[in-house]
Structures are given as C-alpha cells and as structure tokens.
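Accompanying notes for the structure given below.
Only the coordinates and a few stated rules stand behind these numbers; no lab work does. Source: prediction; values computed, not measured. Glycine also receives a Cβ, built like all others from the backbone with ideal geometry; neighbour counts cover every protein chain displayed.
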Amino acid sequence: MKNPLAETALFQRRALVGLLLVTLGMIVLGGRYFTLQILQHEALSARADQNRIKLRPLVPARGRIYDRNGVLLADNVPAYRLELVPEQVEDLEATLAGLGEVIPLSADELERFHDARRGQRRFHPIPVKLRLSEAEVAAFAVNRHRFPGVDVAPYLTRRYLQGPDFAHVLGYVGRIDRQDAAELDPDRYAGATHIGKAGIERFYESRLHGEVGFEQVEVNAEGRVLRVLRAEPAESGETLYLSIDAALQAATVAAFEGQHGAAVAIDPRTGEVLALVSLPSYDPNLFVNGISRGDYAALQVPSRPLYNRALLGGYEPGSTLKPFVGLAAMELGVMRPEQTVLSVGAYKLPGLQREYRDWRRGGHGRVDLREALAQSVNTYFFQAAVELGIDRMSGYLSRFGFGSPSGIDLIGEASGILPTRGWKQAARNEPWYLGETVIAGIGQGFWVTTPLQLVRATAALADDGRLRTPRLLRETQRVYSGERIVEARPDPVDLQLHAEHLEAVRDGLVAVMHSPTGTAREAARDAGYLIAGKTGTAQRVSRRTDEAIDLDSLPFHLRHRALFIGYAPAQAPTIALAVVVESGGSGSRAAAPVARRIFDAWLARGGGQ
C-alpha cells in the first residue's frame, strides 16, 4: 500500500538536499566568478592581453652612406627573413626540424640561430634564416599553421654598391653573435639582427643604427596579426657623407693595375681622406647575411684580401723617411740647408770596416740637402743620423706622428715602430748599436710605418708644418629633419717649422720629380703641373757583395717593396699621397707611376678647387 505522507516527506527531503546542493553550487560558482572577475581581474586581463596583444619591435632603417659628392655607397634593400619567438614555441628542436623540411636550413644557419637565442630575451623574435627566396616564402605560407611562434617578416638588408673598391673603408655589417649580444643594450637592439663589424660601419655604429620603435598588435589564436593597436615608429640611423671621392677611389684601384699594396690620399688643407685603398680586396656583400664556409675559405689566401694594409700594414719606410731626417738635422741644428756631404759610394764609421753603400757605385759626389733628396743619396742621411743620434732623431720624427696611430676614424689602426734605445731594450733586451743608427737614417732597420702615418707626415710638409688628424666622416644628416651638419675636425698641431728649412725640403722634393738628376723624373714627365715627391725602396733581401741586385730576377715574394710619398700641385697642394706597392721592386719604377696616375685623376677633374 502506498503511503502518501511518507512519499511526500521523502520528496521534500530530496528537494531540500537538491536545493542545498544547487545553492552550494551557486555559491561556489559565484565565489569563483567573484575571484576571477574582481580579485584576479587585473592579472587575468593582462594574461589575456598577452595572448591577444603582442608587442613587436620596429627595427630602424640603418643610415645610408654617401661619398663627398653624393654618390651612394651603402644602401638598404628589402628582403624577407624567417624568425621565431622562443616563448611561443613548445618544442624548439621539433619545430626547427619541421621547418627544415619546408625551408632548407644549413648547419651554419642553425648555429647562428642558437648563438643569437642565447643572448636575447625569450619574447624577442630570433632570425632563423635571412634572405628568403620567393619560393621559400610561398612554401612557408602554405605550412604556416604548423608552426606557432614562427613567421616571415620583412626587413631591410645592407647592400654595398661599390663592392670591393670600398671594402676597407666601409667595412661591413654582420649578424649579431653571442659576443655582440652580451655587449649590446637589449632594448636599443630589440629585433635587430645586424651590427657593424668593421670599417666605418663599426666606428659609427651608434649613429648608423638609429632608435628602435615598437608596435602593439592584436593577434588571433594562430598568431596572425588582426590589427595594429598602437605604434611608436622607429627613428632611422643618420646618413653619413664621407670625405672619400668615389671617382678618385676607383681611379686609385685602377692605378695599381692588379698589383698588391695600399694608397692613401688626403687633402693637406683639411685632413680629409680622399681615397683609401688596400689591395687585394674583397666583396663586403658576402658578409652581410653570414658568409658561407666556402666563400670564407676562398679569402684565406697568402695575399690576405681581408687585411687592411693602409690601416695595419707595417712597412719599412725606406727613402721616404729621408725628407724628415733631413728636416730633423736642420731643425735640431746639426746641419744647414747649404751644407754639403761628400758621397764616394760607401760610408764608414770611424774605426769600423763595415761599409754602408750608396745606391750608385762610386757615389754622387758632393751634395747639399736639395740634391741629396733629388738623387736619394744615402751617405748624406747616414751622416745626418749619426750626428743626430737615434734618440734625438726618433724623438723629433715622433712630432710628425711616426710611432703612434694617426687617429683616423677607423678601429684597429697600427702604431708602427719608432726605434729608440729604450724601445730596443724593452722589446729585445739588447743594447743599441751605432750601425743601427746609420741605417735608421734611410728608413731601414727597425723602422715600421703605415701608409696612413706616411701620408699624414707628408701632408704636414705640404701644409706649412700643420699636422692634421685624418678624417673620413665629412657630414651627417638626420632623415626626418633633413639637416646636414658638418663634422667638427680636430685642430691641427702647428709643428712650428723654420720656413728656410721647410723650403729646402720642399725644393728637394720637387727636384726628385722634375730635375735632370731626380730619381722619379720619368714619372713626372709631361705632367703639366709640379709634383713634390720622394720614392723609397724597402729591401726584402740584402746585398752581400758589391754587385747590384737584379730586382727582376728575384722571386716575386722576395722583391723589394716600392714606396712613394708626395703632394701636388707643389705650389698650392690639394692632395697628399702615400703609395706602397708590395713586391714592386723599386719606388721610382713601381710606386711613382701609380702615384702619377692618381694625381692625374684628381687634378684632371679640378680636384680640391
């Protein structure tokens, strides 16, 4: 029999329990809603925005580089790269393996990616592959859904329009590696992939890089950008205008006619570098997006194309030092301009049998400074060096910048060697011998100079004894303002040379090129303008008998280095020059003709006017 009362009571109890359970559930749900919506609102809203809103760095366009006449030297061209954001990738190795099936990734590219990743924050995109081809961009677009956190991004890549001609001036940019990343400001270089590695690109990195911008974007669940919420544009790097003349630079390269060596030309009135060449050279475009092992191996040859001879090349100056030794002798009071020295073909120190020879058998007779320079008479400068002594001579020549960097706006300049007693004792733990002073007077022995040091000292002779710091940067320009600012130049050092002594040296240098006895008169034939110059030959092998060495018979790598210093026009110089031809044989036969072609190229165009 049914008991209506009992059934009603059971139903009521069950309804009450159900109500309590529903009420409890509502309380728990309401509490959870309260926690999420009120107590944790800010944190959860920020987390949602992190998934929905992304902050992307906007990499600034790198500043362009022009020559003094507005010829474009370094530009930026559009390209695409494959980049990955580490914090958005769950399995990095699996993702890279999958990407390699879609777009070929070399071992070098993967190594560079891992190096860059170690130095970057996890939310910054890291380039996996640069310079994607159109086919690679299309292949990835089809498979984009398989790789969350990976995307194709447009960027600007560096291009050097003059190729090898400007490699040792401009240098190049390269991918940021682990060492770079450790030294860079991560905020200023957010999203950046390249940095200046050499040359102007490295020295003026802070000006060329610009200021990074940021873009706040909304993305969907697949990471695709839906819209840009806010943007702070990047500020492009400064545009640089160099003092280099692109036409003269090309003419200087051509003047060597395939020979190895270096040349530096500057305006003696300002210190501006007009041309700076080191040969052989290389194509800097190879380094921009990571040079391949094969291309790099091809540059590791004995001729060392990566070596900047103008900046680092250490050469005995040979007879190109004689004008400065002669000037030192006059300025320090041990000789007079009109004083003569007898050259009989060999010079001997009192009490010693060893002979120090002139290049002409039988000697040059009695010569003053002008004729000693014109004929490059060793005996005259042997005598000057002995009377000066090595420390007085080197001390005076240091005023012209020998033995120290010139201060040019490039990194890594060599100091050379300024020989003194103290230097030899410290470097070799040996005393100085008088015979070493003799050969130091003609730029032999322990002397080491760079083409930059030689041209700087030569320009001081051309500019009435004012020693200037060579500079490559002439003007800068900000992209947005368009204002061009002339770069401040360091003040010259007035060497306070006696006019009579300076004039005697200058007359000798003109005689080298234009007198009937001048050693380089053939190079100046039919010039149409006056050249002041001095040739030099840095010996690689010594003469051990009275017989002259047949330079043409020597193996190529043992032939003497040929040098030339000079300026033109001699009456009002607009260009000073130093040339080194490796394995050239002699200065008059190899270096002087190169210099003549460079002078012609500059003056034929009215250079410096």
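In the chain, the DSSP-assigned H stretches of four residues or longer account for a calculated mean residue ellipticity at 222 nm of -10000 deg cm²/dmol, using -39500 (n - 2.57) per stretch and the full residue count as denominator.
Backbone amide hydrogens, once placed in the peptide plane, bring Leu73 within less than 5 Å of Ile65, Tyr66, Asp67, excluding anything fewer than 5 places away on its chain. Note on the chain: with charges restricted to the Cβ of Lys and Arg (+1) and Asp and Glu (-1), its dipole about the Cα centre is near 640 debye. Residue-wise HN-Hα couplings along region 350-361, as the Karplus relation 6.51 cos²θ - 1.76 cosθ + 1.60 with θ = phi - 60° gives them from phi, are x, x, 10, 8, 5, 10, 10, 8, 7, 6, 9, 5 Hz; Gly and Pro carry x. Residues whose amide H lies under 5 Å from that of Tyr347, counting only those 5 or more places away or on a different chain, are Tyr356, Arg357, Asp358; hydrogens are built 1.01 Å from N in the peptide plane.
Here the residues Lys129, Lys348, Lys197, Lys534, ranked from fewest to most Cβ neighbours within 10 Å of their Cβ, fall in the order Lys348, Lys197, Lys129, Lys534. When each of Ile176, Ile411, Ile266, Ile417 is scored by the number of other beta-carbon atoms lying within 10 Å, the sequence from fewest to most is Ile411, Ile417, Ile176, Ile266. In sequence order, region 432-441 has phi-based couplings of 8, 10, 4, x, 6, 5, 4, 6, 5, x Hz under the Karplus curve 6.51 cos²θ - 1.76 cosθ + 1.60, θ = phi - 60°, and Gly or Pro positions carry x. When you filter the GluC sites (Glu not before Pro) in region 320-391 for DSSP loop state and at most 15 other Cβ atoms inside 10 Å of their Cβ, you are left with Glu338. 3J(HN,Hα) along region 198-205: 7, x, 4, 4, 7, 4, 9, 3 Hz, from the Karplus curve 6.51 cos²θ - 1.76 cosθ + 1.60 with θ = phi - 60°, whole Hz, x for Gly and Pro. Ranking of Tyr356, Tyr567, Tyr307 by neighbouring Cβ atoms within 10 Å, starting from the fewest: Tyr307, Tyr356, Tyr567. Of the DSSP H helices in the chain, those that are both long (alpha-carbon extent of 30 Å or more along the helix axis) and hydrophobic (Kyte-Doolittle mean at least -0.5) are 4-34. Each of Val277, Tyr380, Val301 was scored by the projection of its Cα onto the charge dipole of the chain, and the greatest displacement toward the positive side belongs to Val301; charges sit on the C-beta of Lys, Arg, Asp and Glu.
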